[in-house]
Amino acid sequence: MNTPSLMPFEQALGNMLDTVSAITDKETVELSKALGRILCRPVNSTLDVPGYDNSAMDGYAVRSSEAKKGACLKVIGVAAAGHPYNDEIPANSCVRIMTGAPLPDSVDAMIIQENTEANQDKSGITLLQDVVEGDNIRRRGSDIALGEEVIATGTRLSPVDIGLLASLGIEEVTVYRKPKIAVFSTGDELVAPGGKLKSGQIFDSNRYLLLAMLEKMGVEVINLGRLNDDLDAISQALRDATQSCDAVITSGGVSVGDADFTKTALEQLGSVSFWKVAMKPGKPFAFGKLKNTWFFGLPGNPVAAAVTMEQLTQPVLKHLAGEKHINPESYRAIASEYLKKRPGRADFQRGWYEQDNNGQLKVSSAGSQSSAVLSTLKRANCFIRLEQERGPVNSGEEVTILPFSALLK
């Protein structure tokens, strides 16, 4: 075990990403059950999409050489989606065509019905404008070409991805196994929601917060419950977790210098480092390995636990799951008010951002920045990230905002 000096946020995250290896176990799942799963091999199209030239709108399929403004064309048939027109098309004739219908042979364009005028007996049309070859036609393979990579390895499958795979006729995909993440809390002072508090006790909120955040990540969550301050109980829980879980997450009892049963158990079972990370909230943080199981020790204050879960732990768990790394969404905004800040730590302040009438993003504080005040996290929609060596921010200065990820929405 070691106790390094204050570690920059970027270094802490980089150390973990460089240390943790992605899961390699794979499984094949039905497409209907693949939402949120991580693709373990690229998907290449086995066909052209669309598979044939087709009409982009409702109108008339014509030969562009005959389709000049004022021309009269005879309507000799209808082409609809699933019901192509396959007969010969004589000169100075056209085919009524619906959106998505295959383009008949010998025609090369489509005029939308709004640019035509039907004869009284509906047997023909008069064109109200010229038509150019290719007008309103979706060409074969214009969306996806045969052999093209459509979804890359490491992609977390979205609803759009699922629809895209279905459009290729794919009924099942190979994905990485879901990580198994265990969560437990320790402390004689903790009481489960629904219980009755005694003097000096608090409700066990952090575990429920972390369990909910993990559920949104789509991992397999193992709730180990609340453990008493007992070395044997904590050691046994950690040993059990190493038998079946990929990672264990706890909060509290990981501050440098804490005399805590969790730290003693960790020393006996693995190699865990206790860091002081240059971030606020969230300075105390523990990371390491227990046999084949990664360990993340988050701070005990609820906001600090939420911030370190989203900003430090979430990217590493995504990496563990095999998801390709994507930098978090960030924007520049104008501070609407004075923001208190001292140099020395990167500050993740809870804020509320919105766009003014001129399209400018502006952000203000969501209230108290105490790491124990969870209610201001509810009133916020972003973190205002202030650089490690930055001091106070005056109204009108530019800052970086990080909109909340799905874990906090």
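Some points to look at:
- The residue pairs whose first member lies in region 316-329 and is at positive phi, whose second member is surrounded by 21 or more Cβ atoms within 10 Å (Cβ to Cβ), and whose beta carbons are closer than 6 Å, counting only pairs six or more residues apart or on different chains, are 322/38; 322/176.
- If you go through region 147-173 and keep only what is assigned to a strand (DSSP E or B) and either open to solvent by 40 Å² or more (accessible area, probe 1.4 Å) or at positive phi (or both), you end up with 149, 156, 172.
- Tally, over region 370-409, of residues that are assigned to a loop (DSSP other than H, G, I, E, B) and touching a residue at least 40 places away in the same chain (Cβ under 8 Å): 20
- Every condition in (1) open to solvent by 20 Å² or more (accessible area, probe 1.4 Å); (2) among the aliphatic types (A, V, I, L, M); (3) over 30 Å from the mean Cα position of the chain (by Cα) holds for residue 209 except the one numbered (3).
- Strands (runs of 3 or more DSSP E) fully within region 69-146 that include at least 2 residues being of a type outside the set (Val, Ile, Thr) and without any contact (Cβ under 8 Å) to a residue 40 or more places away in the chain: 72-79, 93-97, 116-118.
- Of the residues making up region 31-72, those that are in contact with a Pro (Cβ under 6 Å, 6 or more places away or on another chain) and either surrounded by fewer than 16 Cβ atoms within 10 Å (Cβ to Cβ) or within 22 Å of residue 167 (Cβ to Cβ) (or both) are 52, 54.
- Strands (runs of 3 or more DSSP E) completely within region 266-338 that count 3 or more residues being over 30 Å from residue 41 (Cα atoms) and open to solvent by 10 Å² or more (accessible area, probe 1.4 Å): 271-280, 331-335
- Filter pass, residue 401 being modelled with pLDDT of 95 or more, farther than 21 Å from residue 208 by Cβ, in contact with a Gly (Cβ under 6 Å, 6 or more places away or on another chain) and open to solvent by less than 70 Å² (accessible area, probe 1.4 Å): no
- Matching residues, region 212-234, being free of Cβ contacts under 8 Å to residues at least 12 places away in the same chain, open to solvent by less than 60 Å² (accessible area, probe 1.4 Å) and in contact with a strand residue (DSSP E or B) (Cβ under 7 Å, 6 or more places away or on another chain): 233
The values are calculated or read from the model by the stated rules, or taken from the named source; none is laboratory data. These figures come from a predicted structure and were not determined experimentally. Positions of Cβ are backbone-derived with ideal geometry, glycine not excepted, and every protein chain shown enters the neighbour counts. For the accessible areas, the whole protein counts, side chains as well, though only heavy atoms, and no ligand, DNA or RNA atoms are used. Shrake-Rupley method; radii C 1.70, N 1.55, O 1.52, S 1.80 Å.
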